[in-house]
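Novice: Got a structure here, written out as structure tokens. Questions coming.
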Amino acid sequence: MNFKTIILLILVVIITIFFMQNTAPVEFWFFGTHNFPLSSIIAATLFIGMIIGGILLRPKKRKTEIIQVNEATLPEIESISSPKSSLTTEDRDYIS
């Protein structure tokens with residue numbers, strides 16, 4: 001078994017034991033007074049929190065820029081992409 005699988009099984013067992021021990025009905029106000037099992041209130045709160053967290057923490061979409069290269073722009077692009085272009089001959093000799 002994989003390490004992640006073992007950790008996941010342990011968490012599922014702990015969560016199951018937690019919910020089985022918290023089945024007592026509690027009075028809950030949500031546009032009126034209702035009686036719900038404590039475990040269902042905790043599960044609903046956890047589920048809503050996971051949805052909100054997933055929405056807020058999702059990665060942002062990145063826009064990629066496509067550059068069309070032709071012979072006129074090729075020297076300009078090479079000068080930008082070449083890190084040695086700004087080095088003096090003395091610096092190039094020292095590096096190599």
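The values are calculated or read from the model by the stated rules, or taken from the named source; none is laboratory data. Computed from a prediction, not measured in an experiment: that's the story for all the values here. Using ideal geometry, Cβ is built from the backbone for each residue, glycine included, and neighbour counts are taken over all protein chains shown.
Novice: List pairs: first residue in segment 1-23 and more than 18 Å from A44 (Cβ to Cβ) and touching a residue at least 12 places away in the same chain (Cβ under 8 Å), second residue aromatic (F, W, Y) and surrounded by 10 or more Cβ atoms within 10 Å (Cβ to Cβ) anywhere in the structure, Cβ distance under 9 angstrom, at least six positions apart or on different chains.
Specialist: Every condition considered, no pair remains.
Novice: Exactly one condition in (1) out of contact with any strand residue (DSSP E or B) (no Cβ under 9 Å at 6 or more places or on another chain); (2) in a helix (DSSP H, G or I) is not met by R62; state its number.
Specialist: (2)
Novice: Tell me which residues, restricted to segment 12-59, are at pLDDT 85 or above and in a loop (DSSP other than H, G, I, E, B).
Specialist: Once the filter is applied, which keeps residues that are at pLDDT 85 or above and in a loop (DSSP other than H, G, I, E, B), segment 12-59 yields only L57.
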